[in-house]
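Report on the structure given below.
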Amino acid sequence: MIGSILVLTATSGAGFLYGMEQQDYLEKLLYIRHIIYMLKGELEYTKAPLGEVFGQAAVRVREPYKGWLHGLERQVERRKEDEFFKIWMRSIDRDLHTLHLKSEHVIQLKELGSCLGRMDSTSESLHLKLYVERLELEIEKVRESLSAKKRIGNCLGVMGGIFLIVILI
Amino acid sequence: MKIHVAVFFFYPCKQNLINLCIFPKLIHILVKEVDKMNEERKQQQIYQILAGSIRKILERESLDFSRLQEIRLRVGKPLLVICENTERILSGEDGAPYLVTKEEIRETMDYISRYSLYAYETELRQGFLTIEGGHRIGVSGKVIVEGNKIKNMQYISSVNIRAAHEVIGCADPVMRYITKNREVCHTLIISPPCCGKTTLIRDMIRQISDGNAYVKGCTVGVVDERSELGGCYLGIAQNDIGMRTDILDCCPKAEGMILLIRSMAPRVLAIDEIGGEEEIRALEYAMHCGCKLIASVHGSDLEEISERPGVKELIEQRRFERYIVLDHEGKPGTVRGIYDERGIRLCGK
């Protein structure tokens, strides 16, 4: 009896965690959007170089984004790479791998760096806006599927537990 | 006891003698060290904006950065370096003149702008930007025009890196002539291009701001439309322009003068290269506000600029109390003559 309860609790917990992970993932995307909005605002208002923009944004965000933006700032100021895109790509791989973003979201984020710093301020701003719009679509998709995934996670957890108990008995 | 007293008095005297002998040497060593550090810093500032391949060539050539004036990069053309008015064509590893590529210009521009060309739109529109250390980068390429005005520049094909060179003390010979009762006179510097008028005006600003035997230190307002005087980087002057100086960087001269008078209450206003009618009006306004003016104008002598509209009226009304005429004979910054408001020569050839 105790074993059955334990198995059921464990599988239900796993299902619940799955739902939480989905929620967490949505929050990560929302936070990235918040950062991009912050960068866009800094860029439009101050028209400061990228290094400064990253530095300004870094002090207002939490880890691991803080480390990512500080790293970008340092790399830009060091001027060791012949292209900004390389710095951007490398920093995402190095500092944001802990977020475990889906490959399509990582690709989208990396693509953002391809045009940064190369155009006039209006185009830079539009480019950031375009990324935010694409990200919003992704957020919407994740949000739409979130409740269903949560429910499925919970149900599967309980059902899986029961199934396991039946098999074990 | 006597011996003790003698030692007591002799010791400090001997120490003073030693100090007297050692101090000039020490100062000399310190000055040398400071110069070396400045040169290293200058080298670092210039190297960090150059494309990797060009940096390697310059490192191989082991240039004397204290004498460096310009580095010129042009797409498909040889890499040129100008040191002490002497041009050198740098060669690649094969011994042939090194030809600069489009990619190297792009890479250099990326480093100059810190990967942020958009942040330097205003500067690019004027054809130059200033980097850390006050070094000026002139660029040329395809100009984007909108409504008869330059909007931006693209396809940059030439980059001219002009190393900043402050000449501390170059205004020493003129200071006594441009002051009266330890107050600055309204002064106009007349000089053809590349004769050192900006260098002279910069040192005048420094001396007026800090004060010296001829002038009491006072607040100086500088309107630096082209970042030539202060060589500002991120709003901070990279050149020594004195401790009581307030600088408006990249600001149109006419607006800047009025703004400074209202906000910073300067005793002396300094501007480089006046010419436009609006600037002349602002200059007159500043003179009526009790500010002393130090300005410069392109020209070869007093007679020539007396014919120029705008400046002509100022000269006729004897607004300026001193005129400093520079020329290029011998070396830049040679003072040909200093005149008073009536055109009487106070000093010079």
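Could you tell me whether the stretch A:157-165 includes any residue that is within 14 Å of another protein chain (Cβ to nearest Cβ), over 17 Å from the mean Cα position of the chain (by Cα), in a helix (DSSP H, G or I) and β-branched (Val, Ile, Thr)? No, because not a single residue in the stretch A:157-165 is within 14 Å of another protein chain (Cβ to nearest Cβ), over 17 Å from the mean Cα position of the chain (by Cα), in a helix (DSSP H, G or I) and β-branched (Val, Ile, Thr).
Does the stretch B:267-287 include one or more residues that are surrounded by fewer than 21 Cβ atoms within 10 Å (Cβ to Cβ) and at pLDDT 90 or above? Within the stretch B:267-287, one or more residues are surrounded by fewer than 21 Cβ atoms within 10 Å (Cβ to Cβ) and at pLDDT 90 or above. Among the residues making up the stretch A:120-147, those that are within 14 Å of another protein chain (Cβ to nearest Cβ) and surrounded by 15 or more Cβ atoms within 10 Å (Cβ to Cβ) are A:ASP120, A:SER121, A:GLU124, A:SER125, A:HIS127, A:LEU128.
When A:LYS110 is tested against (1) modelled with pLDDT of 85 or more; (2) within 18 Å of A:GLU42 (Cβ to Cβ), only condition (2) is not met.
Quick grid of which residues meet (1) among the aromatic types (Phe, Trp, Tyr); (2) closer than 23 Å to B:ALA119 by Cα; (3) out of contact with any Gly (no Cβ under 7 Å at 6 or more places or on another chain):
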| residue | (1), (2), (3) |
| --- | --- |
| B:GLY217 | no, no, no |
| B:ASN239 | no, yes, no |
| B:ILE247 | no, yes, no |
| B:CYS251 | no, yes, yes |
| B:MET257 | no, no, yes |
| B:ILE261 | no, no, yes |
| B:ALA265 | no, no, yes |
| B:GLU273 | no, no, yes |
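Within 14 Å of another protein chain (Cβ to nearest Cβ), free of Cβ contacts under 8 Å to residues at least 40 places away in the same chain and either within 12 Å of the chain's Cα centre (by Cα) or buried (at least 19 other Cβ atoms within 10 Å of the Cβ) (or both), is that true of A:VAL76? It is true that A:VAL76 is within 14 Å of another protein chain (Cβ to nearest Cβ), free of Cβ contacts under 8 Å to residues at least 40 places away in the same chain and either within 12 Å of the chain's Cα centre (by Cα) or buried (at least 19 other Cβ atoms within 10 Å of the Cβ) (or both). All told, B:GLY127 meets the bar of being more than 21 Å from B:ARG60 (Cβ to Cβ) and surrounded by fewer than 17 Cβ atoms within 10 Å (Cβ to Cβ). For the stretch A:114-144, a residue qualifies if it is in a helix (DSSP H, G or I), touching a residue at least 24 places away in the same chain (Cβ under 8 Å) and not acidic (Asp, Glu), and the qualifying residues are A:SER121, A:SER125, A:LEU128, A:LYS129, A:TYR131, A:VAL132, A:ARG134, A:LEU135, A:ILE139, A:VAL142, A:ARG143. For the stretch B:83-192, the helices (runs of 4 or more DSSP H) that sit wholly inside it and include 3 or more residues that are at pLDDT below 85 and either away from every other protein chain (no Cβ under 14 Å) or touching a strand residue (DSSP E or B) at 6+ places or on another chain (Cβ under 6 Å) (or both) are B:121-126. Restricting attention to the stretch B:218-256, the residues being touching an Asp or Glu at 6+ places or on another chain (Cβ under 8 Å), of a type outside the set (Gly, Ala, Ser) and at pLDDT 90 or above number 7.
Tell me, which residue of the stretch B:45-82 that is of a type in the set (Gly, Ala, Ser) and assigned to a helix (DSSP H, G or I) is farthest from the other protein chains (Cβ to nearest Cβ)? Across the stretch B:45-82, the extreme among qualifying residues is B:SER53.
Flag not set for A:ARG90, criterion: of a type in the set (Lys, Arg), surrounded by fewer than 15 Cβ atoms within 10 Å (Cβ to Cβ), under 18 Å from the mean Cα position of the chain (by Cα) and at pLDDT 85 or above. Selection over the stretch B:28-44 of residues that are within 14 Å of chain A (Cβ to nearest Cβ) and of a type in the set (A, V, I, L, M, F, W, C) gives a count of 0. Listed by position, the helices (runs of 4 or more DSSP H) enclosed by the stretch A:1-108 that each have at least 3 residues that are among the small types (Gly, Ala, Ser) are A:2-46, A:50-58. Of all residues in the stretch B:193-222, those that are part of a helix (DSSP H, G or I) and polar (S, T, N, Q) total 4.
The values are calculated or read from the model by the stated rules, or taken from the named source; none is laboratory data. It should be emphasised that the depicted structure is a prediction, and the values quoted were computed from it without experimental measurement. Note that each Cβ is placed from the backbone with ideal geometry, even for glycine, and that neighbours are counted across all protein chains shown.
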